[in-house]
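The values are calculated or read from the model by the stated rules, or taken from the named source; none is laboratory data. Source: prediction; values computed, not measured. Counting neighbours? That spans all protein chains shown, and the Cβs are built from the backbone with ideal geometry, glycine included. Accessible surface is based on the protein model in full, side chains and every heavy atom, while ligands, DNA and RNA are left aside. Shrake-Rupley method; radii C 1.70, N 1.55, O 1.52, S 1.80 Å.
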Amino acid sequence: MPQEVERQYKAILRNYLEQQNELNLYEGQTFSKQLIQKNISPEEMIGIHRAALEEVVSDIPETIDHSFDLLIEVMVRYGLALHEHQNLIQKQENFRIEMDLAANVQRTLLKTTVPELDGLDIGMLSVPAKEMNGDYVHFLSDSHSVGIGVADVIGKGIPAALCMSMIKNGMDSVDGAHVDPAIVLDVINRIVERSVTDSMFVSMIYGSYDVTTHTFTYASAGHEPALHYSVREGAFHELFVKGLLLGVLPQTTYQSQAVQLEKDDFVVLMTDGVTECRSQDGFIEMEKVMQIIEDVKTESAQEMVEYVYKELILLQDFELRDDFTLVIIKRAV
């Protein structure tokens, strides 16, 4: 134990017992910084105090002297618990730094822009339940087509963000937004399969809308089915197509299907944060979600997705339990 620490504390204690003023207390506060720097444990500090007190004060009652033995034992356990607590705080801080880094990767590398084409109205909203978003949306566009990919990565942190960057690179590598969605998923699947671990799974739906024919062509890799709302029929139709999750097998065949949109028809793409919303009474039925969407069918696509989000958050008592992603593609003319 450093003799300099013992000497300084003895002087501080003597001054305080003789004068008992604010300056003496301030000296004690300043002295505590040295204890931290020299890694003096709580039980060691009690020993220093005991030795100093025996020199400064004569005739200490035996019972008071013995009480220090109990206090040292208490501080030994306290010191161990404090050390474990500090380690836990440090681990949490390291995790927070990693999550912040992953979120920054998403914002910088994965940024996408909602395209603007005549005759087409697009609304998009993606809200993470926590710091890191496990959902991903990316757009492609050319003079007459828009490609939309919506993915859900089952994984967190930097690995998930890097997986999303692979999806983005795969989409950017195809020759335009008009490429068959089945081919797009095949390209992305080959990239993801070579790079992700067996513990990470990715579902994705990709669709291409042609503004000249008003046809929406789509393919799915184990993702939530899209919905087509027909104004003429006043009803939703599920756009279901089979397809294996991305990254499971290198040789996977995806299939494309197509639907034609009439004026004011729209297609809804989403993740399970929309389809599997839960209230205190259980899961919110998909019929309820479709009714909420239909209530604002005459609004712009962006107003629609924002309204749906607010209504579903309200039904969940303002607690977002999963990442929420919703994209609406609406034929405007």
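When every residue of the stretch 14-30 is checked against the conditions, at least one turns out to be at pLDDT below 80, within 24 Å of L82 (Cβ to Cβ) and hydrophobic (A, V, I, L, M, F, W, C). Scanning the stretch 276-315 for residues that are under 25 Å from the mean Cα position of the chain (by Cα), under 13 Å from F266 (Cβ atoms) and of a type in the set (D, E) turns up just one, E303. Reported count of residues in the stretch 310-333, each being modelled with pLDDT under 95 and open to solvent by less than 80 Å² (accessible area, probe 1.4 Å), is 11. For A81, state whether it is loosely packed, with under 13 Cβ neighbours inside 10 Å and more than 30 Å from S208 (Cα to Cα). When the stated conditions are applied, A81 passes them.
Before we move on, is E262 modelled with pLDDT of 95 or more and among the acidic types (D, E)? Against the criterion (modelled with pLDDT of 95 or more and among the acidic types (D, E)), E262 qualifies.
Every test in (1) within 30 Å of V179 (Cα to Cα); (2) in contact with a Leu (Cβ under 7 Å, 6 or more places away or on another chain) is passed by I313 save one, and that test is (1).
Output the residues belonging to the stretch 58-68 that are under 52 Å from the mean Cα position of the chain (by Cα) and either at pLDDT 80 or above or open to solvent by 50 Å² or more (accessible area, probe 1.4 Å) (or both).
Taking the stretch 58-68 as the starting set, the residues that turn out to be under 52 Å from the mean Cα position of the chain (by Cα) are 67-68.
Once the filter is applied, which keeps residues that are under 52 Å from the mean Cα position of the chain (by Cα) and either at pLDDT 80 or above or open to solvent by 50 Å² or more (accessible area, probe 1.4 Å) (or both), the stretch 58-68 yields only S67.
Counting only strands (runs of 3 or more DSSP E) that fall entirely inside the stretch 231-273 and contain at least 3 residues that are in the same structural domain as D152 (by the TED database) and buried (at least 19 other Cβ atoms within 10 Å of the Cβ), the qualifying elements are 266-270.
The residues of the stretch 5-57 that are open to solvent by less than 70 Å² (accessible area, probe 1.4 Å) and of a type in the set (S, T, N, Q), listed by number, are Q8, N15, N21, N24, T30, S32, Q34, S41. Looking at this structure, is V248 over 23 Å from Y136 (Cβ atoms), of a type in the set (A, V, I, L, M), touching a residue at least 24 places away in the same chain (Cβ under 8 Å) and touching an Asp or Glu at 6+ places or on another chain (Cβ under 9 Å)? Answer is no for this residue.
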